[in-house]
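Below is one structure, written out as structure tokens; the observations come after it.
The values are calculated or read from the model by the stated rules, or taken from the named source; none is laboratory data. Not measured: the values here are computed from a predicted model. Neighbour counts are summed over all protein chains in view; Cβ atoms, including those assigned to glycine, are modelled from backbone coordinates with ideal geometry. With ligands, DNA and RNA removed, areas are computed over all heavy atoms of the protein, side chains included. Shrake-Rupley method; radii C 1.70, N 1.55, O 1.52, S 1.80 Å.
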Amino acid sequence: MSEDSNPAGEVTGLLQRLRTGDEKAADQLFPLVYDELRRAAQRALRREREDHTLRPTELVHEAWFKLAGPTPEPLHNRAHFLGVAARAMRQVLVDHARRRNAGKRGGAFYHTTIDGLAPGEEMPSDEILALDDALTRLGEQAPRLQTVVEFRYFSGLTDGEIGELLGVSERTVHRDWLKARAWLYKELYPSK
Amino acid sequence: MTADPRWNRLSNLFDQALELPEEARANWLESACADDPALRAEVFAMLKAHQLRQGILESDVITDTRAVLQETVSEALADRYDVERLLGEGGMASVFLAHEKKHGRRVVIKVLKPQIAARYGVDRFLREVRIAARLAHPHILGLIDSGEARGLLYYVMPYVEGETLRQRLDRAGPLPIRDALSLLRDLADALAHAHRAGVVHRDLKPGNVLWVGNHAFLMDFGIAKLVDEQDSMELTDHGFAVGTPAYMPPEQRVSDPSLDHRADLYAWGTLAHETLTGRLPLPPEKAGEVDTGGVRAHRLELPESVARLVARCLATEPSRRPANAEEIVAALDALGAPTTSATPRRSFSRLALLAIVVVVSLGSFAVWRATRPPPPSAGSLPTPITVLGFTNETGDPSLDPWGRMAGDWLTQGLQATGLVPVVPWPTALQASQLLQTQREAGRGVNPVSFLREETGAGTVVTGSYYLLGDSLQFRLEVADAVRGRVLGTIAPIMTSRAAPQAGIEAMRDRLMGMIALWTEDQITHAHQLEQRPPTFEAYQIFEGGAERFRNQDYAGAMTEYRRAFLADTEFVGALLSAGIASWNLGDAKLTDSIVREIHLRESKLGDYQRLRLESLDALLAGDGEAEVIALRKASAEAPGSMATYNLAVASLSTDRPQEALAALETLGPERGDMRGWSSYWTQLTHALHLVGDHERELKAARELRSRYPDRRVGLTLEVRALAAEGRAAAIDSVLFAARALPPATYWSQGAAMVVAGEELATHGWTEAGTQYLLRGKSWLEGQLRVQPGDESHLYWLGSALYDLGEWARSRRIFDSLSVQDPDRLQYRGLAALARARTGSVPDTLGRVSPAERGEYTMFRARLAAISGDYTGALALFGEASRLGLRGLPWIHSSAYRDLVAYRDDRRALPVSLRPAQASAAKPN
């Protein structure tokens, strides 16, 4: 019995622990979610051959169904899940973008590019990587802003749901979002 | 919650500023943050960014950009205008109908497209507009308002109900003489006024003239200067037509910096011709004036003086035109009331008739043979030949791609003849664009000699195309770049605007014929010319892909290239580019399948492309030697092209650093495709490092850093150059400077420290090397505590541990990395090495694709060295270099521990693996 993997059960259990404030539950949940999201992303990419885009919130919801099982979960569990999933989704997207961009030295990456990149060689094209960098920096100064952006952009949580998760008002969340967005855009799209 | 007081202040300022109405923010910010201008600037930047309507965070939303624009414009100008609806859109701006609140009148608001606005900038726009707004004249439709709102540049004009002259001419043909003369006089008067105020219109044409109640109004004064010379818009109720260049005098077409108000006079003359006759005058030839009798031929009752006036205005030489618009006004005034009674008919002089005939047929091949200098005799046609992109004189930038396609296809045609060497298209295109930039910058450049310098061409083929109604007219000229003279032209070819391919093909055939005549040889069809130009749509998509490729957005490029191929399945060149892009993405399987598709259609490729395909085949097969051979040939075809650069990279992969250096030096950083290509410097440092010229290597690394400060790789390369000479203190200052930099993808200080450590150790500074490795290790360990699982940090830590001899830990890291990413040979290989070090027998490295053979063999070589089989290892090192691996420039330092055994006898090693001697002194 214990050999059978029962992801739905495991996830539910972890979510319950998470709701009671058990931080470790988030750490344990993260790899499960990450794996599922990664697989979902690969499936999505195979489907859309022409258009190499991923829609983060869709994938997150797909992962939710896979992991939490077919029975409808109470909303507050879902919100917690989406919170963890947001961070995992971000990681998946960043890893995906990096994987495409050779950046390390040595054979594995070098031989894959005709122009031969060196350590630190950046591929300026991936907005998601730039966003990731900027988001990390934002997080160093204002962790809650980073979280708001993650929850909203990667998981598609509403302002109200975010407020609940973070214990602040919806209005505060909205203000945070505007501020974070303005700061990020200032970094990402500097005007001449 | 952060304790950073600066952030808190920034945050509060932003919050408070948002509470205020938009126009009050700047002032409030000035006083609220008077003490800290930097902070103020940052808040201000955030406020601006706040108003961006489209960024990555909006990307999940499908936006109807038109609706968003209208909404934005409405909101932005809501205090003064009620925007009713979008009237139409041109290439440069969107035009809205609106109601002005203050005066209760209808207005037209023209909003520049963001790309255009970005190009010109707010200040310049406002300055130009201010100049134009000063003009107050009964026949100039003034600007009511202008400005910038929400990042959009706009200007406002009264909405006058009536039709433009264009519409009138289209609807009902030429004007009655009386009306025409009145209109022309009004316009001349308006021009005179403007010219006195120092403003040149530069875009006078019927579309810019309102003809209402028998009065003429000139529109868009001065604004036209802001937009691209060859694009302007007309407003109609249903849509937009685009102007023609017939109104542009020759000096404006070549962006002669000495252009002045007389350009407007030329346009006036053209407009007069059209208004009076319903037709445009013939395009000007290089020599002489246009038919003087032309206007009168159509309107016999036109006074002779007017006809002469019009003809003078149409002179190609500005000095032969009337000195100013006042002259025109005076001449028209002197007519008094025009009568409709016919003045006595004058017959054209026979001479004039003859002149017309000669002018018209001057372009034809036969005539030129009789009247131009004799063509070069066989063998003396200077080579190679360059075909440039054709200049778009239609005034419609959406037709730009035809010009490039024409250049491309003519190039291929010439190549196919096998009679003369031809400069490949990518090089020629680059040169054309450079020439354009030079011209735009107002630098007087002799096109032919410039091109000779850029492409090394002996003969230059140039051309242009015009719009005549619904047809495109192509012209072509062949010039001897060495002696600086024209050799010949081809009769203008008319072709349909919608599908000019047939015309381009015809031009190609004729050009090939000309060349054959000159080389006095038969055209030999070496292979069937199945090629035909791609469709318009496909070519445009392809160009989009090429732009992304240049920006190293290979994923985006590949998407576009594939789309281009889908749009036209004969367009095999697009597939080739897709293959290269997919290779750069690391997707060998995909590249393989694309390459197979290309092979099915090989006959459609040109020589240069075929060689690129060969090099791709070699790359996929893991055959470094074959790749180098193919690229050498391709490079010989196109010395200034990407092939030479790829040759350098392939040479570095196959242990030929000298050849790589030579190739890169041939290119130089400013020629052709290398311009703006940071990897050029990267490869240069590799080559210089491997040949031991560390002084130049350091210079190159610093060059890279200064030109591309965002590219962290420059730091790593500088560190490496310094390490090669043992300059530890200098390394420290580079790393120290790097601390202030925000983190970036796959670059970290830890990585740079490890690189420094390995490099120092390799070149003999073992002590210092170990120090850096230890520093790197502890830095990376620290990072991993915060970000466990970060692939980059893990990789570098694993490498550092291996270098330091901590085999077990290194092995655990690489084991976990290879589980996480089983496709990466590198992780499996490093794991196997670490395992060998801890004494266990390594399993095989798993399945390896042909393309990875070089890398795979390198691992086998290292394993052999670890197990003590030094002779066997030597053989494998040699084989690995022959097969080629992209990581070769790094191996001598990253594998230095495995190469220790060869310290005393390096000569047997491949050149790239020999570390240099440590020098006794340690300069800093």
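Annotations
- Evaluating B:ALA861 against the criteria (1) under 26 Å from B:ALA618 (Cβ atoms); (2) within 14 Å of chain A (Cβ to nearest Cβ); (3) under 40 Å from the mean Cα position of the chain (by Cα) leaves one unmet condition, (3).
- Matching residues in region B:823-850 - criterion: being small (Gly, Ala, Ser), under 24 Å from B:TRP796 (Cβ atoms) and within 46 Å of the chain's Cα centre (by Cα): B:GLY829, B:ALA831, B:ALA832, B:GLY846
For every residue, the table says whether it meets (1) at pLDDT 55 or above; (2) facing chain B (nearest Cβ under 7 Å); (3) not in a helix (DSSP H, G or I).
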{"site": "A:ASN77", "(1), (2), (3)": "yes, no, no"}
{"site": "A:SER125", "(1), (2), (3)": "no, yes, yes"}
{"site": "A:ARG144", "(1), (2), (3)": "yes, no, no"}
{"site": "A:TYR153", "(1), (2), (3)": "yes, yes, no"}
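- Elements of type helices (runs of 4 or more DSSP H) in region B:324-439, at least 1 residues being modelled with pLDDT of 85 or more and open to solvent by less than 30 Å² (accessible area, probe 1.4 Å): B:325-333, B:400-417
- Scanning region B:167-196 for residues that are surrounded by 17 or more Cβ atoms within 10 Å (Cβ to Cβ) and among the basic types (Lys, Arg) yields B:ARG168, B:ARG185.
- Selection count, region B:564-602, where residues are in a helix (DSSP H, G or I) and either under 30 Å from B:TYR708 (Cβ atoms) or small (Gly, Ala, Ser) (or both): 17
- Any helices (runs of 4 or more DSSP H) falling wholly within region B:695-768 and containing at least 2 residues that are buried (at least 24 other Cβ atoms within 10 Å of the Cβ) and of a type outside the set (D, E, K, R): B:713-724, B:749-762
- Complete set of residues in region B:834-854 that are of a type outside the set (Val, Ile, Thr) and either at pLDDT below 80 or under 26 Å from B:GLU625 (Cβ atoms) (or both): B:SER840, B:PRO842, B:ASP843, B:LEU845, B:GLY846, B:ARG847, B:SER849, B:PRO850, B:ALA851, B:GLU852, B:ARG853, B:GLY854
- The residue that is modelled with the lowest pLDDT, among those in region B:197-237 that are open to solvent by 30 Å² or more (accessible area, probe 1.4 Å) and more than 33 Å from the chain's Cα centre (by Cα), is B:ASP237.
- Of the residues screened, B:ARG828 is not one that is surrounded by fewer than 24 Cβ atoms within 10 Å (Cβ to Cβ) and in a helix (DSSP H, G or I).
- Top-ranked residue of region B:616-668 - restricted to ones that are under 18 Å from B:THR591 (Cβ atoms) and not in a helix (DSSP H, G or I), ranked as farthest from the other protein chains (Cβ to nearest Cβ): B:ASP623
- Candidates in region A:160-187 are the residues that are farther than 21 Å from B:GLN16 by Cα and open to solvent by less than 40 Å² (accessible area, probe 1.4 Å); of these, the one that is farthest from the other protein chains (Cβ to nearest Cβ) is A:GLY160.
- Sole residue being assigned to a helix (DSSP H, G or I), open to solvent by 30 Å² or more (accessible area, probe 1.4 Å) and among the hydroxyl-bearing types (Ser, Thr, Tyr), chosen from B:SER816, B:SER810, B:SER799, B:SER792: B:SER816
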